[in-house]
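Asker: Okay, handing you the structure first.
The values are calculated or read from the model by the stated rules, or taken from the named source; none is laboratory data. Treat the numbers as computed from the prediction; the structure is a model and nothing was measured. Quick reminder, even Gly has a Cβ in these numbers, built from the backbone with ideal geometry, and neighbours come from all protein chains shown.
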């Protein structure tokens with residue numbers, strides 16, 4: 001056997017995963033620290049979680065972030081799926097290269113540039129900065145990620161399935177909703193989740209496009225972190241990490257079950 | 001609705017959205033970068049309105065100059081931040097490769113039943129907040145932080161290391177944050193590799209180590225290149241990591257742009273900085289896209 | 001086997017069924033010897049106590065269904081697997097301690113395993129460079145190999161720019177370049193289409209004859225094994241079931257498995273009645289099939305005793321079919337035509353006997369199909385000679 005776990009490979013794996021996870025583990029441990037000093041252990045306590053629950057500003061920011069993420073992820077998923085279908089299926093049309101360029105470019109665009117340029121657009125058209133502008137901004141860059149995820153699924157899609165549906169008398173719209181969508185559904189869901197986390201996560205673009213009353217959680221965390229490490233932020237981080245971990249594991253288990261039931265034709 | 005209409009709507013909706021929210025903003029950035037500081041200072045007057053028609057467009061193009069770009073060339077700060085951004089991105093890409101390759105290689109050598117779980121472990125941090133992951137390092141790298149406590153306790157050092165607020169901290173932050181982007185493409189090329197190629201090399205007289213250098217590494221090159229681009233391109237424009245982990249002497253262009261915009265409130269210069277940053281990144285971005293296209297053609 | 005190919009003639013001439021025993025008597029050293037080799041993967045026994053000798057200059061085929069252990073046997077020779085117990089000798093020396101990159105054995109892989117980043121020339125030269133040969137020697141040898149497989153004009157191509165047949169030839173050249181004592185071929189023609197495969201089989205044989213190198217080929221395709229090899233080892237469930245020349249394997253299978261695996265065969269269950277009498281019936285026994293009145297005279301190399309349960313094996317092409325009873329025939333039985341499979345040159349008649357078993361009889365179509373005298377539901381007589389049938393205990 002050529003593929004073997006030698007001591008070298010085992011060391012690389014151990015070192016690599018320790019590097020990836022140790023900081024997160026330490027962050028979680030110190031969220032239960034009694035002491036105000038983050039780096040000195042003062043005994044176990046959950047008091048910072050209590051503090052966090054009483055922090056109105058933080059809770060408001062979380063609520064804003066959640067709404068922004070749900071709206072932008074949903075619009076981005078619709079637009080991104082359309083863009084993916086256009087990329088994979090629409091064939092040739094005028095300035096197709098420009099279109100695919102516009103889909104792929106935001107993926108590698110530095111966030112500072114995207115944020116700045118959108119802000120200048122909103123000012124140019126006289127749109128007041130607030131939740132709406134953040135949603136529009138997040139939708140724009142998240143739809144490109146959705147398009148990439150969905151189009152990679154569409155590429156491997158067996159087109160004869162659609163032809164079979166049409167042959168059996170389904171109209172194109174029927175075919176899309178009864179055959180195409182169910183088959184690409186895992187990719188669409190993955191795209192939504194990706195768009196949702198990207199929006200939850202974003203500091204830079206939100207900072208440029210935020211306005212009064214639209215402070216998102218990352219902006220709040222950032223301004224707190226700039227002042228130094230605080231156990232309250234550790235507690236907040238722990239909660240966010242737990243939610244994401246549970247979400248990702250549930251999603252992957254669900255997908256495994258779907259695959260086992262044969263829903264996903266790979 | 002007939003077929004032609006449906007197709008037109010399907011194309012038009014995402015197309016117009018991207019035109020309006022992606023391309024038009026760039027044109028505005030370009031325009032403002034070429035405007036005079038005084039006019040463009042906030043409170044900001046819309047420079048372009050459709051109601052003015054043709055004359056509006058004419059106004060839009062009149063009075064443009066390269067003053068702000070000349071300013072960028074004049075002040076050493078900007079040139080230094082560009083150069084230092086490129087250098088920091090280059091060094092951290094190399095470091096990410098050094099950490100990422102053995103990890104990806106080790107994953108392909110792990111028992112097959114582990115691999116999906118290992119892959120999940122690589123992807124999981126990517127879903128957790130970037131900001132939180134960078135924040136986690138502050139507590140570790142601080143002068144009175146956990147790393148120094150640990151090393152002092154071990155007796156390896158007598159005085160705490162100064163890592164926080166230096167470029168070293170920025171390197172660590174970038175390697176840590178971008179590691180999944182390096183590992184995933186390398187893993188997928190290594191995993192796709194036909195094992196019988198290595199057996200053939202050994203059969204023809206190679207030792208295992210020389211088979212690694214002569215077969216595995218050359219065949220992993222596309223993955224290595226993709227990983228390097230995926231780390232290098234965003235690292236050049238990185239703001240959060242140099243801002244939180246780097247010190248006042250850490251110059252990176254993302255940070256400079258941010259300061260220009262939020263502290264100095266000089267929007268035209270910020271726009272000019274953005275345009276130059278984009279020009280710097282155009283070449284690597286184009287190479288990367290070309291690479292992806294070629295890969296897609298190859299897989300067909 | 002429909003056609004007696006020219007290579008098959010060669011099989012019978014050069015290495016007759018007895019030549020290996022002759023080598024044995026002369027005290028020659030086999031090029032390869034497996035001694036009680038066992039290979040286990042966890043609970044699964046892939047190779048179960050195999051002992052086998054292969055002589056210099058042979059073109060030896062390991063034939064068997066997938067999972068029978070033939071590839072594992074080959075990979076142990078190459079050094080990619082280590083036996084759980086037993087010994088493998090190359091030229092009389094134990095090669096188990098020798099790592100794969102130091103063995104004078106080269107392998108042609110099923111997937112060809114051509115290095116995709118290297119040109120044809122560099123692929124062929126790859127092994128030579130590892131040997132520290134001088135640049136001139138490497139070039140000369142590479143050129144020689146390119147010529148051998150007729151790929152001189154493709155030396156600069158990359159593997160993905162070539163057809164399957166060309167890749168196969170480059171893989172062969174690369175494996176032969178180091179002039180190995182032994183060439184191992186793992187399903188070398190599996191990826192080629194039927195027409196090309198046939199042509200390539202002859203090419204392989206020609207190259208082997210020209211070089212005189214010992215070839216060991218692993219295949220699941222019995223026709224391929226019969227065409228190219230001088231001797232065949234039929235494997236099943238980790239065991240070597242029979243080793244013989246292609247003709248020996250076909251005409252004198254030692255078990256029902258071998259009879260059934262090589263070519264098409266009719267098997268009837270029954271028991272031995274006693275010794276057969278007749279002019280050509282030396283060593284023959286009388287066999288009674290279950291549920292049929294008539295007895296058959298057939299060869300019985302295992303010398304089974306009367307009353308033993310056994311199977312009668314007869315190849316379809318050795319059974320004649322006619323509408324009238326043949327008074328002279330020794331072995332004769334009647335039945336009804338169930339089905340006729342027409343493949344152009346041949347027709348196979350599926351005839352149902354009184355006991356419900358279906359026997360296949362194959363005839364060359366000398367007449368046009370419209371003029372065929374036998375058709376569905378006809379009552380027919382099947383007959384075969386005393387030498388045609390074989391009685392098998394296992």
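Asker: What are the residues in the stretch B:142-175 that are in contact with a helix residue (DSSP H, G or I) (Cβ under 7 Å, 6 or more places away or on another chain), away from chain A (no Cβ under 11 Å) and either in a loop (DSSP other than H, G, I, E, B) or within 22 Å of residue A:36 (Cβ to Cβ) (or both), if any?
Answerer: B:157, B:160, B:161, B:163, listed by residue number.
Asker: Here's something else I'd like to know. Tell me, please, whether a residue that is loosely packed, with under 15 Cβ neighbours inside 10 Å and more than 28 Å from residue B:283 (Cβ to Cβ) can be found in the stretch A:93-116.
Answerer: Yes, the stretch A:93-116 contains a residue that is loosely packed, with under 15 Cβ neighbours inside 10 Å and more than 28 Å from residue B:283 (Cβ to Cβ).
Asker: Out of C:214, C:219, C:245, C:227, I need the residue that is buried (at least 16 other Cβ atoms within 10 Å of the Cβ) and more than 15 Å from the chain's Cα centre (by Cα). Which one? Working first, answer last.
Answerer: On the way: C:219 fails: more than 15 Å from the chain's Cα centre (by Cα); C:245 fails: more than 15 Å from the chain's Cα centre (by Cα); C:227 fails: more than 15 Å from the chain's Cα centre (by Cα).
Just one listed residue meets the conditions, C:214.
Asker: Checking residue B:211 against (1) surrounded by fewer than 19 Cβ atoms within 10 Å (Cβ to Cβ); (2) at the interface with chain C (Cβ under 9 Å from one of its Cβ atoms); (3) in contact with a helix residue (DSSP H, G or I) (Cβ under 7 Å, 6 or more places away or on another chain), which single condition isn't satisfied?
Answerer: Result: residue B:211 passes all but (1).
Asker: I've got another one for you. Being at the interface with chain B (Cβ under 8 Å from one of its Cβ atoms) and either part of a helix (DSSP H, G or I) or at positive phi (or both) is the filter here, so list the residues in the stretch A:23-42 that pass it.
Answerer: A:23, A:24, A:26, A:27, A:30
Asker: What single numbered condition from (1) part of a loop (DSSP other than H, G, I, E, B); (2) at the interface with another protein chain (Cβ under 7 Å from one of its Cβ atoms) fails to hold for residue B:124?
Answerer: (1)
Asker: Next question, about the same structure. Among the candidates C:174, C:141, which residue alone is touching a residue at least 40 places away in the same chain (Cβ under 8 Å) and either facing chain B (nearest Cβ under 8 Å) or closer than 27 Å to residue C:79 by Cβ (or both)?
Answerer: Working: C:141 fails: touching a residue at least 40 places away in the same chain (Cβ under 8 Å).
One residue alone meets the criteria, C:174.
Asker: Let me ask something additional. Provide a single number: the residues in the stretch C:126-138 that are in a loop (DSSP other than H, G, I, E, B) and either within 14 Å of chain B (Cβ to nearest Cβ) or at positive phi (or both). Walk me through it before giving the result.
Answerer: Filtering the stretch C:126-138 down to residues in a loop (DSSP other than H, G, I, E, B) leaves C:131-134.
Those still in the list that are either within 14 Å of chain B (Cβ to nearest Cβ) or at positive phi (or both) too: C:131-133.
Counting residues in the stretch C:126-138 that are in a loop (DSSP other than H, G, I, E, B) and either within 14 Å of chain B (Cβ to nearest Cβ) or at positive phi (or both) gives 3.
Asker: If you don't mind, another one. Please find, among B:231, B:217, the residue that is closer than 30 Å to residue B:77 by Cβ and either surrounded by fewer than 18 Cβ atoms within 10 Å (Cβ to Cβ) or modelled with pLDDT of 85 or more (or both). Don't jump to the end; show me each part of the working.
Answerer: Details: B:217 fails: closer than 30 Å to residue B:77 by Cβ.
The conditions single out B:231.
Asker: Which residues, taken from the stretch A:230-239, are in contact (Cβ under 8 Å) with a residue 40 or more places away in the chain and either crowded, with 21+ Cβ neighbours inside 10 Å or in a helix (DSSP H, G or I) (or both)?
Answerer: Residues of the stretch A:230-239 in contact (Cβ under 8 Å) with a residue 40 or more places away in the chain: A:230-232, A:234-239.
Answer for the stretch A:230-239, where residues must be in contact (Cβ under 8 Å) with a residue 40 or more places away in the chain and either crowded, with 21+ Cβ neighbours inside 10 Å or in a helix (DSSP H, G or I) (or both): A:231, A:232, A:234, A:235, A:236, A:237, A:238, A:239.
Asker: If we scan the stretch C:108-125, do we find a residue that is closer than 19 Å to residue C:179 by Cβ, more than 8 Å from chain B (Cβ to nearest Cβ) and in contact with a strand residue (DSSP E or B) (Cβ under 6 Å, 6 or more places away or on another chain)?
Answerer: Checked the stretch C:108-125: at least one residue is closer than 19 Å to residue C:179 by Cβ, more than 8 Å from chain B (Cβ to nearest Cβ) and in contact with a strand residue (DSSP E or B) (Cβ under 6 Å, 6 or more places away or on another chain).
Asker: Could we say that residue A:88 is farther than 17 Å from residue A:195 by Cβ, more than 9 Å from chain B (Cβ to nearest Cβ) and within 25 Å of the chain's Cα centre (by Cα) here?
Answerer: Values: farther than 17 Å from residue A:195 by Cβ: yes; more than 9 Å from chain B (Cβ to nearest Cβ): yes; within 25 Å of the chain's Cα centre (by Cα): yes.
Yes; evaluated as a whole, the condition is true for this residue.
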